[in-house]
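Read the structure below first, then the notes.
The values are calculated or read from the model by the stated rules, or taken from the named source; none is laboratory data. What you see is a predicted model; the values in this text were computed from it and never measured. Cβ sites come from the backbone with ideal geometry, for glycine too, and all protein chains shown count toward neighbours. Heads up: the accessible areas ignore ligands, DNA and RNA and are worked out on the full protein's heavy atoms, side chains in. Shrake-Rupley method; radii C 1.70, N 1.55, O 1.52, S 1.80 Å.
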Amino acid sequence: ILYVSAPALAVLVKYEILTNLVGQSFDSLPAWIAQWARLDPYLLSAQDVNGDGILQLGELKMGADIIMLATPELAGLPYVVSGLVAAGGLAAALSTADGLLLTIGNALARDIYYREWAPKASAGRLVILSKFILLTVAMVAAYVAAQKPGEILFLVAAFSLAGAAFVPAMVLGIFSRSTTSAGAIAGMLSGLGLTVFYMASQSASIRAQFGVMGPAQLWFEIQPISAGVFGIPCGFVVTWLVSKLTFDLDRNRP
């Protein structure tokens, strides 16, 4: 619902700006424009470039983040609602990060330490170890984020990688009894491999490193951040085919 409604919100905000802001005199502009401009000129600024005293569309500069923060005031709601929107966005980000960190910590503690190294470890020891792993992973993630290796859209490309790797095996593993471990592994590797290949083949730095000249060619005009569109179907197909070929072997295994 969130990702589907975001484009609709952008359209409504643009309509509101073109209807109720553009064409007004600078003296009659809402007070929230001056407030946000003083807070951060990179988020919002309105300057009378041609000196006619009328706000033109090209004279209004709005950053991407201000679309969500200023939308309540744009609709006539009080400033406190913008604070609630910001708090909701921060809470959503933290809850998502917490879920991922808990999954990583528990997976490393139980699937690697408990199963491979210490199968007789107590539950309390596993819990303590998972918390230490969670803290370590969080610190590593914070350090990587502080280096600003790329824009936020580039960083969230991990959703395509995670979707291509896990969704086919997870869905078929739940709803299809014929799914085998070999099929799941093959599907995860093929989906992830195809997604990584498409992302790498579209990267200018990687293409230059391997001496590939010329611009990258997009597949069906799909951006690299959405490479999971190719990896997820590939994972489903490979998981189903390999499971069908290895089902009898897996069933007869002692």
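Ligands, DNA and RNA are left out, and with a 1.4 angstrom probe the accessible area of the chain is 68 Å² per residue.
Does the chain come out rounded, prolate or oblate by the C-alpha gyration tensor, with a ≥ b ≥ c the root eigenvalues, rounded set by a/c under 1.5 and, if not, prolate when a/b is larger than b/c and oblate if not? Judged from the Cα gyration tensor, the chain comes out prolate (a/c at least 1.5, a/b above b/c). Scanning the chain for DSSP H helices at least 24 Å long along the axis (C-alpha atoms) with a Kyte-Doolittle mean no lower than -1.0 picks out 2-20, 79-107, 123-146, 158-175, 181-202, 228-251.
Prolate is the label for segment 64-127, because a/c, from the alpha-carbon gyration tensor with a ≥ b ≥ c as root eigenvalues, is 1.5 or above and a/b exceeds b/c. For residue 96 and residue 40, a Förster radius of 22 Å and the Cβ-Cβ distance give a FRET efficiency of 0.35, rounded to the nearest 0.05. In whole angstrom, segment 177-235 maps to an equivalent ellipsoid with semi-axes of 28, 12, 6, each derived as √(5λ) from the alpha carbon gyration tensor and ordered largest first.
From the Cα gyration tensor of segment 120-234, with a ≥ b ≥ c the square roots of its eigenvalues, which class applies: rounded if a/c is under 1.5, or else prolate if a/b is larger than b/c, or else oblate?
On the way: a/c = 2.74, a/b = 1.28, b/c = 2.15.
The shape class here is oblate.
How do 79, 198, 113 rank by accessible surface area computed with a 1.4 Å probe, from largest to smallest?
My answer, sorted largest first, is 79, 113, 198.
Computing FRET efficiency as 1/(1 + (r/R0)^6) for residue 56 and residue 9, where r is the C-beta to C-beta distance and R0 is 30 Å, gives about 0.80.
The three principal axes of the C-alpha atoms in segment 18-118 carry coordinate ranges of 76, 26, 23 Å, sorted with the longest axis first. Computed extension gain for residue 85 through residue 241, at 0.36 nm per residue and net of the alpha carbon distance, reaches 51.5 nm.
Couplings 3J(HN,Hα) for segment 109-120, derived from phi with the Karplus relation 6.51 cos²θ - 1.76 cosθ + 1.60 (θ = phi - 60°), are 6, 8, 6, 9, 5, 6, 7, 9, 10, 9, x, 9 Hz, where x marks Gly and Pro. Taking only protein heavy atoms and a 1.4 Å probe, the accessible area of the chain is 70% carbon and sulfur.
Compute log10 of I(q)/I(0) for segment 74-174 with the Debye formula, placing one identical point scatterer on every Cα and leaving out solvent, at q = 0.14 Å⁻¹, to two decimals. Values, matching the q order: -0.79.
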